[in-house]
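Asks: Sending over a structure as structure tokens; questions will come in a sec.
The values are calculated or read from the model by the stated rules, or taken from the named source; none is laboratory data. From a predicted model like this one, the values you see are computed outputs, not experimental measurements. Note that each Cβ is placed from the backbone with ideal geometry, even for glycine, and that neighbours are counted across all protein chains shown. Protein only, heavy atoms only, side chains kept; ligands, DNA and RNA dropped before computing areas. Shrake-Rupley method; radii C 1.70, N 1.55, O 1.52, S 1.80 Å.
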Amino acid sequence: IVLSTVFYGSLWGALPLLALAESDPVKLLYMGTIIAGVVCGAGFSLAAMPRAMIGFLVPLLTGSLIAAVLNGSQIGAILVVMLMVFSAVLYYSGKSHIRSLIKRITSQEKLKEQQAVISLLLKDFEEKSSDWLWETDQFDRIINVSERFACAAETTIDELTGSDAADLASSKSEELNLTCSAFVESIRNRLTFRDLAIPVLLNNQQHWWSITGQPVYDGNGTYCGFRGVCSDISEQKKSEERVKFLAHNDALTGLVNRTQFTERLNQHVARLERFGTPFSVLYIDLDHFKIVNDTKGHPVGDKLLAQIGVRLREQVRESDVLARIGGDEFAILADNCSAENCEADLAQRIIDTLSAPFDIDGNVLTIGASVGIAKAPLNGTRPDQIQRNADLALYRAKEQGKGVFQFFQAEMDSDARERRALEFELREALENNEFELHYQPLLDAVTEEPTGFEALIRWIHPIRDTISPAEFIPLAEKIGLINDIGEWVINEACRTAVSWPEKFTIAVNLSAHQFERNQIVEVVKQALQSSGLDAKRLELEVTESLLINNPDQVIETLRELKALGVSIAMDDFGTGYSSLSYLMKFPFDKMKIDRSFVMALDTDNTARDILRTIGSLGESLDMKITVEGVETKEQVKFLSDMSCHLLQGFYFAKPLKKSDVFIYLKNKSGTNIDKASSDLDERAA
């Protein structure tokens, strides 16, 4: 093209040379006009090719310049200058034009590439992502439906295309209509929305979509429809609802939890203050549930709790609030219980239904329940006061033997204050040396000679006088003082027994709580070392209930104790749950028969047969047998005949103070104790 333009430019450049002889200004002007027109035409036709334009103009202007020089006229020179200026302007205009053209074409090509990449990415997005694109026309009808969109909507592309976008949000729950309305209003009013969660009903199943969209307008501002992205968040919604449910409900039974129960109680109290609407609170505690957990395992216990929740639901009204507020504790908030005996009837139904046997994985389990009832406003107008009084009523119901219900009474509050005062005083009793040990003799069943003593703790209260261990030991276990008290008992018993003649033993009862911290072995070892008592003279008594929890660990601890040289006795034999299995697991030195069997000797032949059987069992296992609670001569004779080894009871002696032990030994042993009488008197003093 450049060569062609140079050729044609040369031809046009020859035209001024041919007109050299002309000196007429008019003809020269005509010639300049023609050349200017040619230059202009070349400039426009070759604007897109600057090099071709130069190839045409250079020979043309060169010929014109030579002609003007040779002609020598002034007007010719002016025309040549004008032509050169005009050509320069055309050249630079063309060059600017071509730059703009190249830039525009490059931009168009880049835009095409970007559109291709975006299309590719969108296609890949819809194929691989869990999200999908959605689009509507100016009439809010769905268009350009992708396969992913149709699959999420559980329909076909053809059925979804043309449907109203507002119909996407649908629900069978009236509570979700507000959410549906927000989506519809945004579409109708052409409002941009982002991450709007809408309910979608698909095949009668509730789903949730998160949808984002914005209205689209053309260059003239005309509405073209909506475009956006959408994703299925049904699983996320289920997780959120589960978390929300667990925040207010018990995971095991599905019942209201303690937090939600307290909130509902506060609402009832507010309504009571405003409208005077009465209500009642029932506290329910399961009887013997711990035994199920300990013997059958926690999985069985959890299934039992789930069934208990089902049975309780059957006994309450829809307006009542049923909650699980603890491990084996439930509560009911009974509204509008104005009928006479309404609470009593409900409590009795609960006791009856929970007393019926449960079948858990082939295990037939029988438990029970105790119920405490507080009525508002009769028994309180504050949430904490009502709950506390219901708890006090439950405590009284359990004291009455379980399996009963009890309404709150005013004196229960004073009893509770009395218990709290006793707790405070018990904490100070050990520091103030208010405890002392009494010693009940253990006698040979044949000779009725004393062989040892059992240490029994007493609380000598400065105001209340002597307090029985049956009253303060459970309290000490509850508030965590039993380990300190138990350690004191062991040390005091050893220090006292070391002053007796060596043939006398000392028996000490151990609480199950003393095994929880696994320090009992070290406590006994230090007591023996500090007192100097021979380990063979110390006898430790444990109950069967101790062996129910963690039997392997407890038995291992008992073996360590026995390795110290002390004797181990099973106390209250026959009142536990699996005595024989424990006798097989651990070689006890002695069995101690509970006083309940002795009390039934005179009237119950079965008790006699049981005692004879236990005697034979002890003889077979080479195990000594001690019987406590002996109170009559007839009982002594019967027990002696059945080969019991040691007897203990009021028939022989009541528990003795430390100073009375020496007097008892001298009176009972006569001359046998005279040799040590002076030493005993000195130690007693």
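Asks: Can you name the residue in segment 291-350 that is in a helix (DSSP H, G or I) and polar (S, T, N, Q) and, of all such residues, is modelled with the lowest pLDDT? So that I can check it myself, show each step before the final result.
Replies: Initial filter on segment 291-350 (in a helix (DSSP H, G or I)): 291-296, 298-315, 342-350.
From what is left, the residues that are polar (S, T, N, Q) are 293, 295, 307, 315, 348.
Values: N293: 84, T295: 78, Q307: 94, Q315: 93, Q348: 93.
Per the criteria, the residue is T295.
Asks: So, in segment 360-412, how many residues would count as being in contact with a His (Cβ under 9 Å, 6 or more places away or on another chain), under 20 Å from H268 (Cα atoms) and small (G, A, S)?
Replies: Of the residues in that region, 1 qualify.
Asks: So is E399 within 26 Å of I473 (Cα to Cα), touching a strand residue (DSSP E or B) at 6+ places or on another chain (Cβ under 8 Å) and open to solvent by 30 Å² or more (accessible area, probe 1.4 Å) or not? Reasoning before the result, please.
Replies: Numbers: within 26 Å of I473 (Cα to Cα): yes; touching a strand residue (DSSP E or B) at 6+ places or on another chain (Cβ under 8 Å): no; open to solvent by 30 Å² or more (accessible area, probe 1.4 Å): yes.
Considered against the rule, which asks whether it is within 26 Å of I473 (Cα to Cα), touching a strand residue (DSSP E or B) at 6+ places or on another chain (Cβ under 8 Å) and open to solvent by 30 Å² or more (accessible area, probe 1.4 Å), E399 comes out as no.
Asks: OK, next. Quick test for you: out of D359, D328, D345, D384, pick the one residue that is open to solvent by 20 Å² or more (accessible area, probe 1.4 Å) and under 10 Å from I284 (Cβ atoms). Break it down into steps so the answer makes sense when it comes.
Replies: Details: D359 fails: under 10 Å from I284 (Cβ atoms); D345 fails: under 10 Å from I284 (Cβ atoms); D384 fails: under 10 Å from I284 (Cβ atoms).
Within the list D359, D328, D345, D384, the selection yields D328.
Asks: When you scan segment 202-256, how many residues do you find that are assigned to a strand (DSSP E or B), farther than 15 Å from I187 by Cα and charged (D, E, K, R)?
Replies: Result for segment 202-256: 1.
Asks: Moving on to the next point. Out of all the residues in segment 190-231, which are open to solvent by less than 60 Å² (accessible area, probe 1.4 Å) and small (G, A, S)?
Replies: Narrowing segment 190-231 to residues open to solvent by less than 60 Å² (accessible area, probe 1.4 Å): 193, 196-202, 206-213, 215-216, 221, 223-226, 228-231.
Residues satisfying the conditions are A197, S210, G213, G221, G225, G228, S231.
Asks: Could you list, in sequence order, all residues of segment 194-214 that are in contact with a strand residue (DSSP E or B) (Cβ under 7 Å, 6 or more places away or on another chain) and within 11 Å of S234 (Cα to Cα)?
Replies: Result: A197, I198, P199, V200, Q206, H207, W208, W209, S210.
Asks: Something else: Spot the failing condition for L121; the list is (1) within 60 Å of the chain's Cα centre (by Cα); (2) modelled with pLDDT of 80 or more; (3) in a helix (DSSP H, G or I), and only one is missed.
Replies: Failed condition: (2).
Asks: Just to be sure before I move on: is E235 over 30 Å from T156 (Cα atoms) and exposed (fewer than 14 other Cβ atoms within 10 Å of the Cβ) in the structure I sent? Explain how you work it out, then say what you get.
Replies: On the way: over 30 Å from T156 (Cα atoms): no; exposed (fewer than 14 other Cβ atoms within 10 Å of the Cβ): yes.
Here the answer is no, as E235 does not meet what is asked.
Asks: Considering only residues that are within 25 Å of L583 (Cα to Cα), among the polar types (S, T, N, Q) and open to solvent by less than 70 Å² (accessible area, probe 1.4 Å), which ones fall in segment 602-653?
Replies: S616, T626, S640, S643, Q648
Asks: Related question: Let me spell it out: the conditions are (1) in a strand (DSSP E or B); (2) closer than 28 Å to H288 by Cβ; (3) among the acidic types (D, E), and E423 meets all of them except one. Which number is the exception?
Replies: (1)
Asks: Continuing with this model, one more query. Of the residues that sit in segment 492-526 and are modelled with pLDDT of 90 or more, open to solvent by 30 Å² or more (accessible area, probe 1.4 Å) and part of a helix (DSSP H, G or I), which one is farthest from K478 (Cα to Cα)?
Replies: R495
Asks: While we're looking at this one, here's another question. Which residues, counting only those in segment 434-481, are assigned to a loop (DSSP other than H, G, I, E, B), surrounded by fewer than 19 Cβ atoms within 10 Å (Cβ to Cβ) and not polar (S, T, N, Q)?
Replies: Listed by number, the residues that qualify are E434, V446, E448, E449, P462, I463, R464, G480.
Asks: Now for a separate question. Looking at N249, N293, which is the one that is without any contact (Cβ under 8 Å) to a residue 24 or more places away in the chain and within 28 Å of G401 (Cα to Cα)? Walk me through it before giving the result.
Replies: Numbers: N249 fails: within 28 Å of G401 (Cα to Cα).
It is N293.
Asks: Hey, among N204, N189, which residue is modelled with pLDDT under 85 and over 18 Å from V321 (Cβ atoms)?
Replies: Working: N189 fails: modelled with pLDDT under 85.
Unique residue meeting the criteria: N204.
Asks: State yes or no: is I673 aliphatic (A, V, I, L, M), closer than 20 Å to E448 by Cα, at pLDDT below 80 and assigned to a helix (DSSP H, G or I)?
Replies: Details: aliphatic (A, V, I, L, M): yes; closer than 20 Å to E448 by Cα: yes; at pLDDT below 80: yes; assigned to a helix (DSSP H, G or I): yes.
Yes.
Asks: Also, quick follow-up: Tell me the residue from S567, S531 that is under 15 Å from T626 (Cβ atoms), at pLDDT 85 or above and of a type in the set (S, T, N, Q), please.
Replies: S567
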